[in-house]
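Step one of this worksheet: look at the structure below.
The values are calculated or read from the model by the stated rules, or taken from the named source; none is laboratory data. Here the structure is a predicted model, which means the values were calculated and not measured. We place every Cβ from the backbone using ideal geometry, glycine too, and count neighbours over all the protein chains shown.
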Ligand SMILES: [Zn+2]
């Protein structure tokens, strides 16, 4: 699986020009049909329809799905919606309050928070390293009593540093940036796929 730009025409061009590399061996991926269409819940009840592109690596002979950065694997909600939930939770709110704010089911939000808790330490570490690499004069976010909030702050700080360095990054939301940077693994995989 590869997380790619939301712009399908751009991705198609990158694919045709051999500019998308296999995550395992680095060979140029070749077009290989499409996956099943997915419907993603966006902000304020918007519905996004995605038809993931399937590709094949001529080196490993393995197929890899291309997933638009608006979404994360196995999740029915857009990256931005889940990210907003994580940011609300970072303010100290529990899953019920987050769910009420977003107008979503409590079970869905509880699933995100649990899955993020399993990744929070790795995410904090990854984006702290990214911040140091990207910023000329990195300012470390203050530590908070919560691992979740520390991870959320690290993502925000790294995104700010990336946007200062590459202004085109400003058009990519922080959570799309995060998913793109770590191959969509912002949340752990659930045992049951949605
Ligand atoms: Zn390969």
Qualifying positions in segment 47-72 - in contact with a helix residue (DSSP H, G or I) (Cβ under 9 Å, 6 or more places away or on another chain) and more than 25 Å from residue 17 (Cβ to Cβ): 72
Checking the structure you have, find out if any residue of segment 170-188 is in a loop (DSSP other than H, G, I, E, B), modelled with pLDDT of 90 or more and farther than 19 Å from residue 72 by Cα. no
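Return the residues of segment 121-137 that are in contact with a helix residue (DSSP H, G or I) (Cβ under 7 Å, 6 or more places away or on another chain) and either surrounded by fewer than 21 Cβ atoms within 10 Å (Cβ to Cβ) or not in a helix (DSSP H, G or I) (or both); say none if nothing qualifies. Don't jump to the end; show me each part of the working.
Pass one, segment 121-137, residues in contact with a helix residue (DSSP H, G or I) (Cβ under 7 Å, 6 or more places away or on another chain): 121, 123-124, 127-128, 130-131, 134-135.
Matches in segment 121-137: 121, 128, 134, 135.
Within segment 5-41, take every residue that is away from the ligand (no atom under 16 Å from the Cβ) and touching a residue at least 40 places away in the same chain (Cβ under 8 Å) and give me the one that is farthest from residue 75 (Cα to Cα). So that I can check it myself, show each step before the final result.
Let us first name the residues in segment 5-41 that are away from the ligand (no atom under 16 Å from the Cβ), namely 5-14, 16-17, 33-41.
With the extra rule that they be touching a residue at least 40 places away in the same chain (Cβ under 8 Å), the set shrinks to 5-6, 8, 11-12, 41.
Values: 5: 18, 6: 16, 8: 20, 11: 21, 12: 24, 41: 9 Å.
Restricting to residues being away from the ligand (no atom under 16 Å from the Cβ) and touching a residue at least 40 places away in the same chain (Cβ under 8 Å), the top hit is 12.
The rows are residues; the columns are (1) assigned to a helix (DSSP H, G or I); (2) buried (at least 16 other Cβ atoms within 10 Å of the Cβ); (3) modelled with pLDDT of 95 or more.
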{"position": "19", "(1), (2), (3)": "no, no, yes"}
{"position": "24", "(1), (2), (3)": "no, no, no"}
{"position": "31", "(1), (2), (3)": "no, no, yes"}
{"position": "85", "(1), (2), (3)": "yes, yes, yes"}
Just to be sure I understand the filter: pairs with C-beta atoms under 7 Å, separated by 6 or more residues or on different chains, first member in segment 138-158 and under 15 Å from residue 118 (Cβ atoms), second member assigned to a loop (DSSP other than H, G, I, E, B). Which pairs pass? 150/143; 150/144
Residues in segment 47-69: is at least one free of Cβ contacts under 8 Å to residues at least 12 places away in the same chain and more than 14 Å from the ligand (Cβ to nearest atom)? yes
Can you name the condition, by its number, that residue 79 falls short on among (1) surrounded by fewer than 18 Cβ atoms within 10 Å (Cβ to Cβ); (2) closer than 30 Å to residue 107 by Cβ? (1)
